[in-house]
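Student: Quick one: structure below, then a few questions.
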Amino acid sequence: MSGIKGVILGVENVICQRGVVVQEVFQEVNKLITFFKKKGIDFVIHTNRGWYHEENQKKENLKDYLTKMWGNFDYLCYAEDFNLSPKPQAASINNILKQKNWKATETLYIGASDSDMRTAVNGNILFLRATWWNNSTDYGFEFATPKDIARFIDTFCLRNHLWCHEINDGDFNFYALAPFSTMKPEYTLYSEDARSAAKKGLGHPDFWIGAIVSSLYFSGIHNQIDYVTVYPGHKVGFGNRVMNEAISIFGKCFRKKYLEDLIIRHTQSTKSQTARNSGIAIDHLNQLNTIYLNEHPKKSNTESYKKSPLGSGKTILVIDDITTMGYSLEAARAYIEKTGASVILASWLKTINRDIQRLKPLPEFNPYVPNTFTNAEIEKTYGYKQNITNILAPDELTTIFKKFKDWDWES
């Protein structure tokens, strides 16, 4: 299993609200704990202060109350053990990881408070934000019910095969979840949905976001980057309406800034399907001549970088939806590397039986303005079949896609 070993849970507005266990909600929390036990996932309750459950005018230590429900488990409370480090210090997470023999990339944090959020961020743990009582922070991936969290974990966090297609060749690094084909029956179910989500925002966009984010997290790629961006569609503009919000949240979880407007499409490109239907041959120039980098991308909603955040020593993760021969991602790589930065490329899916073509270094150019190239020579071709690193990934993706659509507590 490549996914999680353990879950850390905050108390406030996760287990109880203002010290009161509301039974209607707590029944769902109980189901979540039962789900953990069934799946072999360990869990820890993590709090700074002592909590008490009050019912029928009787006050009881929360740990004792929960132990009656769940049996023995680790209840780590700084107020009761000063050998622990308090939230939100990173050391409080490190203590847990060391005690439980978990790695950060094998752990999730379920919380609701600002303190929970900062603890997860400081500890470099993916933060799942519980909003069944309130919504007090905009960090982390939002879940309205314990059932939604269970579905996320069961679908995405217990996988054995995070990537199907990988290329790691010096400074060229590419990852894809699974093959894309609407013609081969074994790939059709999820491929049609991915195409619908990518091109029209239909299907199940949440599935594809969950799949790519969990693979990036559990494979540790988020630890290798400084910034993240997405490749724009073929129309003039920037960003990706399906991925913008989720990738921004993913970046915030690990202090990796999402540069939504880094790659600008200044001229509409020719769609691959349109070219094929018209008998037009397209190549890397279709992308190279229609994009440029924004030297002053947004730093916040009200502020832009005064100078480019890219440069030597920085690594940018570029995410696309469906990759055919890599023209889009290779154009992004060519422009970004011209700034001195390094690039990691990731895609939802990779079209079957189509090789990826890596470009020779381009002539000197300014990546921050539109360019007109007349030639783009191929330096190396990465064969489709030769770079399939996990033949079981497509079957697993089909399985979890079906599970995601129909998930219930009993599944």
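The values are calculated or read from the model by the stated rules, or taken from the named source; none is laboratory data. The structure displayed is predicted, hence computed values, not measured ones. Don't worry about glycine lacking a Cβ; one is built from the backbone with ideal geometry, like all the others, and counts go over all protein chains shown. Accessible surface areas use protein heavy atoms only, side chains included; no ligands, DNA or RNA. Shrake-Rupley method; radii C 1.70, N 1.55, O 1.52, S 1.80 Å.
Student: Write out, first by first residue and then by second, each pair whose Cβ atoms fall under 8 Å of each other, whose residues are 6+ apart or on separate chains, and whose first residue, in the range 291-305, is open to solvent by 80 Å² or more (accessible area, probe 1.4 Å) while the second is acidic (Asp, Glu) and in a loop (DSSP other than H, G, I, E, B).
Tutor: Lys298/Glu260; Lys298/Asp261
Student: What are the pairs, 6+ residues apart or on separate chains, where a residue within the range 53-76 that is without any contact (Cβ under 8 Å) to a residue 24 or more places away in the chain has its Cβ under 7 Å from a residue that is assigned to a helix (DSSP H, G or I)?
Tutor: Pairs that qualify, where the first residue is without any contact (Cβ under 8 Å) to a residue 24 or more places away in the chain and the partner is assigned to a helix (DSSP H, G or I): there are none.
Student: Restricting to the range 153-175, and then to whatever is touching a residue at least 12 places away in the same chain (Cβ under 8 Å), assigned to a strand (DSSP E or B) and open to solvent by 10 Å² or more (accessible area, probe 1.4 Å), can you tell me which residue is farthest from Phe207 (Cα to Cα)?
Tutor: Top of the filtered list is Asp169.
Student: Only residues in the range 383-411 that are closer than 16 Å to Leu158 by Cβ and open to solvent by 60 Å² or more (accessible area, probe 1.4 Å) count as the first member; pair them with residues that are assigned to a helix (DSSP H, G or I) and of a type outside the set (Lys, Arg), Cβ under 8 angstrom, at least 6 apart or cross-chain, and list the lot.
Tutor: Hits for this filter: Asp395/Glu186; Lys402/Leu189; Lys403/Asp154; Lys403/Thr155; Ser411/Asp154.
Student: Looking only at the range 209-226, count how many residues are of a type in the set (S, T, N, Q), surrounded by fewer than 22 Cβ atoms within 10 Å (Cβ to Cβ) and part of a helix (DSSP H, G or I).
Tutor: Of the residues in that region, 2 qualify.
Student: May I pose another question? Among (1) modelled with pLDDT of 95 or more; (2) surrounded by fewer than 18 Cβ atoms within 10 Å (Cβ to Cβ), there is one condition Asn375 misses while meeting the rest; what is its number?
Tutor: (1)
Student: Does the range 176-194 contain any residue that is within 26 Å of Asp261 (Cβ to Cβ) and surrounded by fewer than 20 Cβ atoms within 10 Å (Cβ to Cβ)?
Tutor: No - not one qualifying residue is present in the range 176-194.
Student: Looking at (1) open to solvent by 60 Å² or more (accessible area, probe 1.4 Å); (2) outside any helix (DSSP H, G or I), can you tell me which one Asp206 breaks?
Tutor: Every condition holds for Asp206 apart from (2).
Student: Name the single residue, out of those in the range 255-280 being modelled with pLDDT under 95 and open to solvent by less than 40 Å² (accessible area, probe 1.4 Å), that is nearest to Asn294 (Cα to Cα).
Tutor: Ser269
Student: Could you list, in sequence order, all residues of the range 306-319 that are in contact with a Ser or Thr (Cβ under 9 Å, 6 or more places away or on another chain) and open to solvent by 40 Å² or more (accessible area, probe 1.4 Å)?
Tutor: Answer for the range 306-319, where residues must be in contact with a Ser or Thr (Cβ under 9 Å, 6 or more places away or on another chain) and open to solvent by 40 Å² or more (accessible area, probe 1.4 Å): Ser312, Gly313, Lys314.
Student: Across the range 132-152, what is the total count of residues that are within 27 Å of Ser85 (Cβ to Cβ) and part of a loop (DSSP other than H, G, I, E, B)?
Tutor: Qualifying residue count, the range 132-152: 7.
Student: Across the range 78-111, which residue is farthest from Thr131 (Cα to Cα) among those that are over 18 Å from the mean Cα position of the chain (by Cα) and of a type in the set (Val, Ile, Thr)?
Tutor: Ile96
Student: Then there is this: Starting from residues that are assigned to a loop (DSSP other than H, G, I, E, B) and within 22 Å of Gly170 (Cβ to Cβ), keep the ones in the range 340-353 and report whichever is nearest to the chain's Cα centre (by Cα).
Tutor: Ala341
Student: Determine the pairs where a residue that is on the phi > 0 side of the Ramachandran plot, located within the range 333-353, has a partner that is of a type in the set (A, V, I, L, M) with Cβ atoms under 9 Å apart, the partner being 6 or more residues away or on another chain.
Tutor: Qualifying pairs under 9 Å: Gly340/Leu310.
Student: Let me ask something additional. Which condition number in (1) more than 21 Å from Asp154 (Cβ to Cβ); (2) surrounded by fewer than 16 Cβ atoms within 10 Å (Cβ to Cβ); (3) not charged (D, E, K, R) is the one that Thr229 fails?
Tutor: (2) is the only condition that Thr229 fails.
Student: Considering only the range 86-136, how many residues are open to solvent by less than 30 Å² (accessible area, probe 1.4 Å) and aromatic (Phe, Trp, Tyr)?
Tutor: Matching residues across the range 86-136 total 3.
Student: Got at least one residue in the range 355-366 being of a type in the set (Val, Ile, Thr), in contact with a strand residue (DSSP E or B) (Cβ under 8 Å, 6 or more places away or on another chain) and part of a strand (DSSP E or B)?
Tutor: Yes, the range 355-366 has at least one match.
Student: What strands (runs of 3 or more DSSP E) lie completely within the range 23-124 and have 3 or more residues being hydrophobic (A, V, I, L, M, F, W, C)?
Tutor: So the answer is 42-47.
Student: Those residues that are more than 14 Å from Leu285 (Cα to Cα), part of a helix (DSSP H, G or I) and open to solvent by 30 Å² or more (accessible area, probe 1.4 Å), I need them from the range 320-339; list them, please.
Tutor: Here is the first cut: in the range 320-339, the ones more than 14 Å from Leu285 (Cα to Cα) are 320-324, 336-339.
With the extra rule that they be part of a helix (DSSP H, G or I), the set shrinks to 336-337.
The one that is more than 14 Å from Leu285 (Cα to Cα), part of a helix (DSSP H, G or I) and open to solvent by 30 Å² or more (accessible area, probe 1.4 Å): Glu337.
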